[in-house]
Each structure stands twice: as structure tokens, then as C-alpha cells.
1. Considering only residues that are part of a loop (DSSP other than H, G, I, E, B) and either open to solvent by less than 10 Å² (accessible area, probe 1.4 Å) or within 10 Å of the ligand (Cβ to nearest atom) (or both), which ones fall in the range 43-66?
2. So, restricting to helices (runs of 4 or more DSSP H) that lie completely within the range 71-168, which ones have at least 2 residues that are open to solvent by 60 Å² or more (accessible area, probe 1.4 Å)?
3. Which number in (1) in a helix (DSSP H, G or I); (2) within 13 Å of the ligand (Cβ to nearest atom); (3) modelled with pLDDT under 95 marks the one condition that His40 misses?
4. If I go through the range 29-38 residue by residue, how many of them are over 18 Å from Lys110 (Cα atoms) and surrounded by 23 or more Cβ atoms within 10 Å (Cβ to Cβ)?
5. Being within 16 Å of the ligand (Cβ to nearest atom) and of a type in the set (Asp, Glu) is true for just one of Asp96, Asp101, Asp71. Which residue is that?
6. Show the residue pairs that are 6+ apart or on different chains and have beta-carbon atoms under 7 Å apart, the first residue being within the range 29-41 and free of Cβ contacts under 8 Å to residues at least 12 places away in the same chain, the second being open to solvent by 20 Å² or more (accessible area, probe 1.4 Å).
Amino acid sequence: MRIGHGYDLHRLEPRPPHGNGRAFVLGGIRIESATGPIAHSDGDVLLHAVTDAILGALALPDIGQLFPDNDPQHDGADSSIFLRDAIRRMREAGWDIANIDCTVICEQPKIGSYKSEIATNIARLIGCPVTLVNLKGKTHERVDAIGEGRAIEVHVVALLKSRNSIGV
Ligand code: MG
């Protein structure tokens, strides 16, 4: 087995015309929000952290190395392409997802009512049962940048199992 940790943070700004925040997309699901991430890609902080957790478990270069944020090709890119690439590398190396546990920390928007849709979409992108993907939402108790709604943060732990392993 192998374990990987993924972390990401994006600044949040009001949507245009009051700021430069992109549409708020989390785990590939669009969520209504007055603020959105500042990012080169679509700013899907959750898919970025899931991708980095898987790449980390494989001891591969991280998402910023594989998909540089100064590459015009990735301007506004759908972040599912990063996750799909990591999954392809994982399968080629002979590994499968054992489970993924994600913690999303932000003040707004509230993600509670989107959790099951997001987990279902991440499982679909990975090609694994939704029972292997868990998602938790927390606030930052209104303190610091995240608590003041100026940023969103995600932590992900991914466990991989070898396709040749017995049991697990
Ligand atoms: Mg990111």
C-alpha cells in the first residue's frame, strides 16, 4: 500500500464586476457563490488536492510541476484533466484507490448540501465506487484569511493499493 497527502489553498475574491473570482467549482461541481477562486486553471482546489495526494503516493512530481501555472494551455482549464492524468499514471504503475478522505475548509459557500454530488463526481472521475470517497466540510471559525472568507483550503489523504496485492 502507499499513502499520499494533498494540500491546496486558493484566494477567494468577489465575482466580477466587484472582483476577479472565477466561478466557484469544487470537485467538478459548480456551486452558487458570491466569491470565487483566483487561479490560472478553473481553481478547483479540491481536485488539485486530490490530484496531489495521488501523485504524492506515487512519489511523482506534483501538480504544479506537471501542469505549470504559466502554461497558457491551462488558462481556465477544467481541473478534471489533472486528476485524470494522475489516475492514468497510477493505473499504469499498477495501483488502485483504496480510499480517499477530503477536508474542505471555507466560510462560504456552505458545501453540506453538495457533498454527495461532489463525492459521486470525484468517484466517477477516478473510476471507483463512491463508497471509497469521503468529503468533510468545515469552517475556520471566522478567524484568519479562511475564516474571513478570503481563501479556501483543502486537505486530502489518499490510500493506494497494489493491483497485485491479496485482500485489503
Ligand atoms: Mg490549486
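The values are calculated or read from the model by the stated rules, or taken from the named source; none is laboratory data. Because the structure is predicted, anything quoted here is derived from the model rather than measured. Note: ideal-geometry Cβ built from the backbone for every residue, glycine included; neighbour counts use all protein chains shown. When the accessible area is computed, the model is the full protein with side chains, heavy atoms only, and any ligands, DNA or RNA have been set aside. Shrake-Rupley method; radii C 1.70, N 1.55, O 1.52, S 1.80 Å.
1. Gly43, Asp44
2. On the way: elements: 80-92, 115-126, 144-147.
Correct list: 80-92, 115-126.
3. (1)
4. 0
5. Details: Asp96 fails: within 16 Å of the ligand (Cβ to nearest atom); Asp101 fails: within 16 Å of the ligand (Cβ to nearest atom).
The unique qualifying residue is Asp71.
6. That search, which allows pairs on different chains as well, returns Arg30/Ala23.
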